[in-house]
Amino acid sequence: MNSNSNNTLLDQFKDLLARSKDWATLELEYAKLTAAEKLTLLAGLACTGAVCLLFGITALIMFGISLAFLFKEIMGFALSFLAAGGCIMVLIAIIYFLREKIIINPIAKIITKILLK
C-alpha cells in the first residue's frame, strides 16, 4: 500500500512538473507576442511620423515660396525671400521653445500608452 501511494505521489509530481513546463512555455510565448505587438505599433507610429514629417517639410517649403512671392508685391524680390525665411525661422524658434509641451510630452504619452497597455 505504501509503495502504491508513493507511485501515485510520484506520478502527480511528474504531472505537476510537466504542466509547469507547459505553463512557462505558454507564458514565454505570450510575452514574445506582446512584445512583437508593441514593437509593431511603435514601428507603425514611427513610419507615420516620418511620412508626416516629410509632407510637413514639403508644405513648409511651398509655404515659404508662396509667402516670398506674396511679399514680392510689397518689397523687392530678394528681400521677400529673406522676409519669408525670417518668418519660418521665427516659427522654428517658437516650436523649439515649446518643444516639450507640443512634441515631447505627447510622444511620451503615446509611447507609455502603447507599452503599458
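The values are calculated or read from the model by the stated rules, or taken from the named source; none is laboratory data. Given the structure is predicted, the values throughout are model-derived calculations rather than measurements. Cβ atoms come from the backbone with ideal geometry, glycine included; neighbour counts cover every protein chain shown.
Anything in the stretch 73-117 that is part of a loop (DSSP other than H, G, I, E, B) and farther than 30 Å from Thr34 by Cβ? List them, or say none. Don't jump to the end; show me each part of the working.
As a first pass, look at the stretch 73-117 and keep what is part of a loop (DSSP other than H, G, I, E, B): 73-76, 98, 116-117.
Within the stretch 73-117, Glu73, Ile74, Met75, Gly76, Leu98 qualify.
Can you list residue pairs whose Cβ atoms sit under 8 Å apart, with the first residue in the stretch 95-117 being of a type in the set (Lys, Arg) and the second being at pLDDT 85 or above and surrounded by 10 or more Cβ atoms within 10 Å (Cβ to Cβ)? Count only pairs 6 or more apart in sequence or on different chains.
Sorted first by the residue in the stretch 95-117, then by its partner, the pairs are Lys117/Lys38.
What are the pairs, 6+ residues apart or on separate chains, where a residue within the stretch 24-48 that is closer than 17 Å to Leu115 by Cβ has its Cβ under 8 Å from a residue that is exposed (fewer than 10 other Cβ atoms within 10 Å of the Cβ) and among the charged types (D, E, K, R)?
Lys38/Lys117
Let me confirm something: among Ile94, Ile103, which residue is modelled with pLDDT of 90 or more and under 24 Å from the mean Cα position of the chain (by Cα)?
Within the list Ile94, Ile103, the selection yields Ile94.
For (1) farther than 30 Å from Ile110 by Cα; (2) at pLDDT below 90; (3) among the basic types (Lys, Arg), each residue gets a yes or a no:
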| position | (1), (2), (3) |
| --- | --- |
| Leu16 | yes, no, no |
| Arg19 | yes, no, yes |
| Ala36 | no, yes, no |
| Leu42 | no, yes, no |
| Ile57 | no, no, no |
| Ile65 | yes, no, no |
| Ala68 | yes, no, no |
| Phe77 | yes, yes, no |
